[in-house]
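K.L.:
Structure below; questions to follow.
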Amino acid sequence: MANITAVFGILLTLGIVFPGLLTAWWLLFPATVERARLRLDRTPWRCFWLGGIVTAVIAIPTVILLALPFGPAKFLGWIVIVAALAIASLGAAGLAAKMGERLTARSNGNLSPAGAFVRGALALELAAAFPILGWFLVIPLAIVTALGATVFSLLHWMPRSSPLPEGHYRPRSVAEREGSGVRLSA
């Protein structure tokens, strides 16, 4: 009975602190989280595939390290797992920001940015906590996609802006009109 209570207590504690972790990343690393949100907004499948590749690259040596009968190797394997999840949590903050942005749009803009972000983090957490679907579908997809978004964000690889529909005019910058090599806009 004590084991069940301990597991329940740990899960409850994790459920309470997860939105706090994502909010801390959002406040401490706003540019990184915003780049991850933009990546997830514009190219979610690329984030997923890059996250899958990075997960495979990380998983193979980690499994080998954990299988070795040498204590420091196992410890290093667990350090790699914690580091990968910490990096993926930055992308999860981007995912929560994206969900918060959609919640704001659905509420006619009546939410503050912080309120929308926390609600997005809570919605992500509740989706992950849903039995079977959340555990085996939402959590793995969110981790892999968030890892890919974080890698894109940390490397500053931003998606190309979407092309304008035909007939729309986009003014060029002064540098583009004068033909100089200086690029003013990112």
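Every number in this text was worked out from the coordinates using simple rules, so none of it is lab data. These numbers come from a predicted model, not from an experiment. We place every Cβ from the backbone using ideal geometry, glycine too, and count neighbours over all the protein chains shown.
K.L.:
Quick check: the angle from helix 113-129's long axis to the longest principal axis of the chain, C-alpha only, nearest 10 degrees?
P.N.:
40
K.L.:
Here's another thing I want to ask about it. Picking from 78, 26, 45, which is most flexible by a Gaussian network model of the chain using Cα springs under 10 Å?
P.N.:
78
K.L.:
Please check: in the Gaussian network model of the chain (C-alpha springs, under 10 Å), which one of 107, 153, 161 has the largest mean-square fluctuation.
P.N.:
Among 107, 153, 161, the largest GNM mean-square fluctuation belongs to 161.
K.L.:
Using 1/(1 + (r/R0)^6) with R0 = 30 angstrom and r between the beta carbons of residue 76 and residue 42, what's the FRET efficiency to the nearest 0.05?
P.N.:
0.25
K.L.:
Sticking with this structure for a sec: As a test of the formula, what do you get for the chain when each DSSP H run with n ≥ 4 contributes -39,500 (n - 2.57) and the sum is divided by the residue count, at 222 nm and rounded to the nearest 500 deg cm²/dmol?
P.N.:
Calculated mean residue ellipticity at 222 nm is -25500 deg cm²/dmol.
K.L.:
Can you find, among 24, 108, 96, the residue sitting farthest towards the positive end of the charge dipole of the chain, where Lys and Arg contribute +1 and Asp and Glu -1 at Cβ?
P.N.:
It is 108, whose Cα lies furthest towards the positive end.
K.L.:
While we're looking at this one, here's another question. Please build a GNM for the chain, connecting alpha carbons under 10 Å apart, and tell me which residue among 111, 122, 155 fluctuates the most.
P.N.:
Judging by the Gaussian network model, the answer is 155.
K.L.:
With labels modelled as points extended 7 Å from the Cα through the Cβ direction, what inter-label distance (nm, one decimal) is found for residue 28 paired with residue 49?
P.N.:
Using points 7 Å along Cα→Cβ, the separation is 3.3 nm.
K.L.:
To the nearest 0.05, what FRET efficiency results for residue 64 and residue 85 with a Förster distance of 25 Å applied to their C-beta separation?
P.N.:
That pair, residue 64 with residue 85, gives E of 0.85.
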